[in-house]
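Here the structure is laid out as structure tokens; the discussion comes afterwards.
Values in this text are rule-based calculations from the coordinates and carry no lab data. Being a predicted model, the structure only gives us computed values, none of them experimental. Neighbour counts run over all protein chains shown; Cβ positions are idealised from the backbone, glycine included.
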Amino acid sequence: MSRLRSDLWCGAFVRRHNDLGNMCVISRRGDPIAGQVFIEIDHLDGTLSLLTPAPGMALVESNANLVFQRRLIRAEPAKVHARIAREVDFDPDLWVLNLDLRGDDPGIEIID
């Protein structure tokens with residue numbers, strides 16, 4: 001089964017969280033078909049977490065859904081922003097979603 005387009009997945013993610021009462025926006029648009037998706041989670045306590053796509057090996061058994069891994073957990077905002085900036089320099093087709101979330105569960109598949 002093929003993976004869902006990045007623009008459709010991001011739009012659905014943002015809509016779902018906004019419907020749940022969590023503020024979520026697309027802060028950077030990448031390639032609409034196959035751009036990688038990074039999710040920056042603001043825990044509303046001065047810390048941010050960063051979710052990035054899981055390595056390809058983790059996707060072997062996966063269906064069409066994206067699978068993420070925790071890259072940075074409750075880190076300083078400057079550290080998360082620097083990491084995203086480095087990734088954008090490497091891959092300009094990258095999508096970045098910003099999610100305000102008090103808890104730790106963004107409702108997507110995350111591997112550790």
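Here are the numbers for this structure:
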quantity	calculated
DSSP loop trypsin sites (Lys or Arg not before Pro) with at most 14 other Cβ within 10 Å: longest gap in the chain	30-101
Karplus (6.51, -1.76, 1.60) ³J(HN,Hα), θ = phi - 60°, over the range 78-90, in Hz, Gly and Pro reported as x	4, 5, 5, 5, 5, 5, 5, 4, 4, 5, 5, 4, 7
Cut-off 13 Å, label 7 Å out along Cα→Cβ of ARG74, residues of the range 93-112 by amide N	102-105
Once the Cα gyration tensor of the chain is diagonalised, semi-axes √(5λ) in Å	20, 16, 14
Net charge dipole size for the range 6-111 [Lys, Arg +1 and Asp, Glu -1 on Cβ; Debye, nearest 20]	140
